[in-house]
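The values are calculated or read from the model by the stated rules, or taken from the named source; none is laboratory data. Keep in mind the model is a prediction, meaning the values are calculated, not measured. In this analysis, Cβ positions are derived from the backbone assuming ideal geometry, glycine residues included, and neighbour counts consider all displayed protein chains.
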Amino acid sequence: MAAKILHNDYPHRSVALVTASHTLIFHHSAGSTSIGGSASTSSSNLVDRDGFRPAHQCAVGFAATSSWNIDGYTVLSSQPCLGCLGLISIGRDTFLCVITGAKEVAQVRPGELVYRIYAVEFRT
């Protein structure tokens with residue numbers, strides 16, 4: 001099932017991957033803050049091996065779409081999100097890597113499919 005990629009810039013940047021049943025939200029975090037609701041949330045205070053603490057941190061929330069208020073969100077990409085590969089930080093920027101193109105190439109057993117990824121997008 002493909003997800004819509006939405007974003008909101010107020011008060012801080014957040015990106016949401018939304019399906020009819022569930023929503024995954026990546027939200028700016030200034031430490032170990034929660035992003036509310038009855039969602040499962042996770043945040044991390046990362047320090048690299050040189051003791052550098054990134055200026056930007058991310059909290060992640062996952063819950064039923066009905067429990068999130070996404071009224072202020074707008075479409076970030078016209079491409080459907082077929083999967084999420086994760087977050088990557090380059091310098092002071094953090095990007096969300098999503099799969100926007102994949103083709104079924106094999107079936108291992110009934111219900112177990114293998115896809116070839118041919119398109120990804122990096123969203124800030």
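The listed residues are H56, H28, H22, and the only one of them that is surrounded by 10 or more Cβ atoms within 10 Å (Cβ to Cβ) and either within 20 Å of T100 (Cβ to Cβ) or at pLDDT 80 or above (or both) turns out to be H22. Evaluated against (1) crowded, with 18+ Cβ neighbours inside 10 Å; (2) assigned to a loop (DSSP other than H, G, I, E, B); (3) at pLDDT 90 or above, I35 falls short on exactly one condition, (3). Output the residues belonging to the range 70-108 that are farther than 21 Å from M1 by Cβ, loosely packed, with under 15 Cβ neighbours inside 10 Å and either touching a His at 6+ places or on another chain (Cβ under 6 Å) or without any contact (Cβ under 8 Å) to a residue 24 or more places away in the chain (or both). Once the filter is applied, which keeps residues that are farther than 21 Å from M1 by Cβ, loosely packed, with under 15 Cβ neighbours inside 10 Å and either touching a His at 6+ places or on another chain (Cβ under 6 Å) or without any contact (Cβ under 8 Å) to a residue 24 or more places away in the chain (or both), the range 70-108 yields D71, I90, G91.
Name the residue, out of L85, L46, L76, L96, that is modelled with pLDDT under 95, of a type in the set (A, V, I, L, M, F, W, C), farther than 22 Å from D9 by Cβ and within 17 Å of the chain's Cα centre (by Cα). Every option except L85 fails the conditions.
Report whether or not G51 is exposed (fewer than 10 other Cβ atoms within 10 Å of the Cβ), at pLDDT below 85 and either of a type in the set (G, A, S) or outside any strand (DSSP E or B) (or both). Working first, answer last.
Details: exposed (fewer than 10 other Cβ atoms within 10 Å of the Cβ): yes; at pLDDT below 85: yes; either of a type in the set (G, A, S) or outside any strand (DSSP E or B) (or both): yes.
Here the answer is yes, as G51 does meet what is asked.
Out of all the residues in the range 59-68, is one or more in contact with a Gly (Cβ under 8 Å, 6 or more places away or on another chain) and exposed (fewer than 14 other Cβ atoms within 10 Å of the Cβ)? Quick ask: steps written out before the conclusion?
Step one: of the range 59-68, the residues in contact with a Gly (Cβ under 8 Å, 6 or more places away or on another chain) are 61, 63, 67-68.
This time we only want the ones that are exposed (fewer than 14 other Cβ atoms within 10 Å of the Cβ), so: 67.
Checked against the condition, which is being in contact with a Gly (Cβ under 8 Å, 6 or more places away or on another chain) and exposed (fewer than 14 other Cβ atoms within 10 Å of the Cβ), the range 59-68 yields at least one hit.
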